[in-house]
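The structure appears right after this line, and notes come after that.
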Amino acid sequence: MPGIENIKKRILKHPARIPSHIAIIMDGNGRWAELRNKPRTFGHEAGVKAVKKVVEAASEIGIKYLTLYTFSIENWKRPQSEVSALMSLLSRTTRQELKDLNKNNVKLRTIGRIHSLPTSKQKVLNNAVEKTRNNTGLILTLALNYGGRTEILDAVKGIANSVRSGFVELQDINEELFSEFLYTVDMPDPDLLIRTSGEFRISNFLLWQTSYTELSIVDTLWPDFGREDLFKAVLDFQKRERRFGKISSEIG
Ligand code: IPE
Ligand code: IPE
Ligand code: MG
């Protein structure tokens, strides 16, 4: 297996094949902790360190958009103690990392029903989004209180409202217009979706946007995922042939 710097070099040789948008389902924090006889929250804290590494590695190879599944709508069903630990970790980390986000020119965004999060968490998040607004490097999007079906329903409601008020005509509703009503407006669809911890499912993440996304499922548990794992996933992505329904000889 080539060394990590070698992998990076191979990736950078094909700049046109570097994904512009990578989405990640960061899974396996709980199992990582359980393997060490520690509480699940210990795994979530270790997961934050992996986030830092991956954000830096993604910037390093020129990824423009990185979208991280951080808390799903379904995750509210977890024990209350775990949910509050996750919420505190979120605001603590956002506050602590703001300086480094700016230093690394990272622009923070959020998608999901942010307005239904506790007000104190919203404040911390909105402040970080505001303070990184003018950064021009990686666009880091945290999917928080996010559900793919809810996002689609929110878009449907937005479109229905626009039709009712006369801004949109029924016959103008097409895929492009629909995308403009999603939380991910202004973002390209993910080129690559990585899921850690070996689970073969989407778990309600970016349902509309992943229609032609390349999938990469790795066994590594999220806290163990790092720079090398990201580079390997990108290198593998570069070897794929994305046909979008066409046949090989039609692809330029
Ligand atoms: C992912 O790790 C983090 C969140 C969903 C917030 P998990 O907490 O799902 O870890 P496992 O899947 O139970 O190991
Ligand atoms: C998906 O992981 C959600 C996040 C990573 C935030 P889950 O651990 O919640 O997914 P399931 O329940 O195993 O499908
Ligand atoms: Mg999980």
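The values are calculated or read from the model by the stated rules, or taken from the named source; none is laboratory data. For clarity, every value in this text was computed on a predicted model and none was experimentally measured. Neighbour counts run over all protein chains shown; Cβ positions are idealised from the backbone, glycine included. Calculation scope for accessible area: heavy atoms of the full protein, side chains included, ligands and nucleic acids excluded. Shrake-Rupley method; radii C 1.70, N 1.55, O 1.52, S 1.80 Å.
Quick notes on this structure:
- Taking the centroid of alpha carbons for each part, the stretch 107-156 and the stretch 189-252 are 23 Å apart.
- Accessible carbon and sulfur surface of the chain relative to its total accessible area, %, 1.4 Å: 52
- 25 Å Cα-Cα threshold exceeded, pairs from LYS13/LYS64; LYS53/LYS232; LYS13/LYS103; LYS49/LYS121; LYS8/LYS38: LYS13/LYS103; LYS8/LYS38
- Annotation: amide H of ARG109 within the under-5 Å range of LEU140, THR141, LEU142, sequence separation 5 or more or interchain, hydrogens built in the peptide plane.
- Point-to-point label distance, GLU250-LEU170, nm (Cα→Cβ direction, 7 Å offset): 3.2
- Surface/4 estimate of mean projected area, convex hull on alpha-carbon atoms of the stretch 108-242, nm²: 10.7
- For the stretch 8-147: rounded, prolate or oblate by the Cα gyration tensor [a/c cutoff 1.5]: oblate
- Of all aspartates and glutamates in the structure, those lying under 14 Å Cα to Cα from LYS157, and not within fewer than 8 positions of it along the same chain, are GLU180.
- Under the criterion of Cα pairs below 8 Å and six or more residues apart, the relative contact order for the stretch 20-236 equals 30 percent.
- A viscosity of 1.567 mPa s and a temperature of 4 °C, combined with the Kirkwood radius over Cα pairs in Stokes-Einstein, give a translational diffusion coefficient for the stretch 20-236 of 72 µm²/s.
- Karplus-based coupling profile of the stretch 91-102, in residue order and whole Hz: 6, 4, 5, 4, 5, 5, 8, 3, 4, 5, 4, 5, with θ = phi - 60° in 6.51 cos²θ - 1.76 cosθ + 1.60 and x standing for Gly or Pro.
- Per residue, the chain exposes an accessible area of 53 Å² to a 1.4 Å probe, with every protein chain left in place.
- Converting phi to 3J(HN,Hα) with the Karplus coefficients 6.51, -1.76 and 1.60 and the offset θ = phi - 60°, the stretch 201-213 yields 8, 8, 6, 6, 9, 6, 4, 6, 6, 9, 4, 10, 6 Hz in sequence order, with x at every glycine or proline.
- Each Lys and Arg Cβ is given +1 and each Asp and Glu Cβ -1; about its Cα centre, the chain then shows a dipole of about 820 debye.
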